[in-house]
Each structure stands twice: as C-alpha cells, then as structure tokens.
Amino acid sequence: MPTTVHLTGVVAEYVRAVNGFDVDAIVATFADDAYVNDARREIRGKAAIRRWVEKEIVGDAVTMDPVEVLDHYGDTIVRARYDGTYDKSNLPAELILSNYFSVRDGRIVSLAVIFNQRSEYDPTDSGS
C-alpha cells in the first residue's frame, strides 16, 4: 500500500517550476534521456520535453495544485488539480490528473500524466 508523503526534492521543484511558468527550471528537473507520457503520447529526451513544456505547459499556463502525494516503492505519485488556458471541452470542472514520477540521481527519468477514473476494485472507493 502506498504511503502518504510530503512533496519534496526534484518533484517539488518540478511542481514549483510548473506553477512559476519557468521553462528552464522545469526542463532542468529531467535527466537528459528522460521520457514523459502525456495523454498517451511519448515524449523522449530533453529537447522534446522542452518543446512540450513550452507549448503545452507554460504555453497553456498550466498550474498544478497537489491534492495527494504518495510514495510507492520509491516512485512518487502526485494527484493534482490542474488548471490553465488549455481546451477544457469534455473535461470535468475539476480536473485531477495522476502524475507518476520515477527519480534517479536527483532527476526525473520518467513522468506519466494520466487522467484516471475510479475503479470498482479500489478498496478506498466509498462504494466498497
């Protein structure tokens, strides 16, 4: 079972940089050969991550408000409330995305950003 933790280290730096709209600071949190999976698209390497950050994070004025932070065997899961100037068609009024961070040597080596839905198998679901 994952344990609740506070946002620290490079993951905290990433969230601060996103909320500060700081392209260089966001990109600096990633390892050179890192990859991001965002909306089922794989973005590999710092140059591609920079283009994604410039257009879809800073360009769309994305902000993250963490609502839950979990440690799961050394990986960090951040569920965050997202806002920004991106197209919100067909999205819920409160958009919560799960961010799965893997960190090695103080840098993000992988990040998956996923719009999850509740599962009937989740023991924390109030319907169980």
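The values are calculated or read from the model by the stated rules, or taken from the named source; none is laboratory data. Remember, it's a predicted structure, so these values are computed and weren't measured experimentally. Reconstructed Cβ throughout: ideal geometry from the backbone, glycine too, with neighbour counts over all protein chains shown.
Looking at region 13-51, which of the residues that are in a strand (DSSP E or B) and either without any contact (Cβ under 8 Å) to a residue 60 or more places away in the chain or in contact with a Phe, Trp or Tyr (Cβ under 6 Å, 6 or more places away or on another chain) (or both) is nearest to Y82 (Cα to Cα)?
The selected residue is R41.
Sort through D33, D22 and tell me the only one that's at pLDDT 95 or above and loosely packed, with under 13 Cβ neighbours inside 10 Å.
After applying the criteria, what remains is D33.
Any residue at all in region 60-78 that's out of contact with any helix residue (DSSP H, G or I) (no Cβ under 7 Å at 6 or more places or on another chain) and over 16 Å from L7 (Cα atoms)?
Yes: region 60-78 contains one or more residues that are out of contact with any helix residue (DSSP H, G or I) (no Cβ under 7 Å at 6 or more places or on another chain) and over 16 Å from L7 (Cα atoms).
Within region 18-28, which residues are within 15 Å of L111 (Cα to Cα) and within 14 Å of the chain's Cα centre (by Cα)?
The answer is V18, I26, V27.
Looking only at region 84-107, which residues are over 15 Å from A31 (Cβ atoms), touching a strand residue (DSSP E or B) at 6+ places or on another chain (Cβ under 8 Å) and not β-branched (V, I, T)?
Correct list: G84, K88, E94, L95, L97, S98, N99, Y100.
Give me the pairs, please: first residue somewhere in region 73-101 and surrounded by 10 or more Cβ atoms within 10 Å (Cβ to Cβ), second residue anywhere and in a loop (DSSP other than H, G, I, E, B) and of a type outside the set (S, T, Y), beta-carbon distance under 6 Å, and either six or more positions apart or on two chains.
Partner pairs satisfying both residue conditions: G84/D60; G84/A61; G84/V62; Y86/D60; L97/F115; S98/N116.
Can you confirm whether R40 is loosely packed, with under 14 Cβ neighbours inside 10 Å and either over 17 Å from I77 (Cβ atoms) or not hydrophobic (A, V, I, L, M, F, W, C) (or both)?
yes
Answer yes or no as to whether V53 is at pLDDT below 95, of a type in the set (A, V, I, L, M, F, W, C), surrounded by 12 or more Cβ atoms within 10 Å (Cβ to Cβ) and on the phi < 0 side of the Ramachandran plot.
Criteria not met by V53.
Given the structure, is E54 part of a helix (DSSP H, G or I) and under 16 Å from the mean Cα position of the chain (by Cα)?
Answer is yes for this residue.
Run Y35 past the list (1) in contact with a Lys or Arg (Cβ under 7 Å, 6 or more places away or on another chain); (2) more than 20 Å from V109 (Cα to Cα); (3) of a type in the set (S, T, Y) and report the number of the one that doesn't hold.
(2)
From the list T29, T63, T76, which residue is polar (S, T, N, Q), out of contact with any His (no Cβ under 6 Å at 6 or more places or on another chain) and more than 18 Å from V10 (Cβ to Cβ)?
The conditions single out T63.
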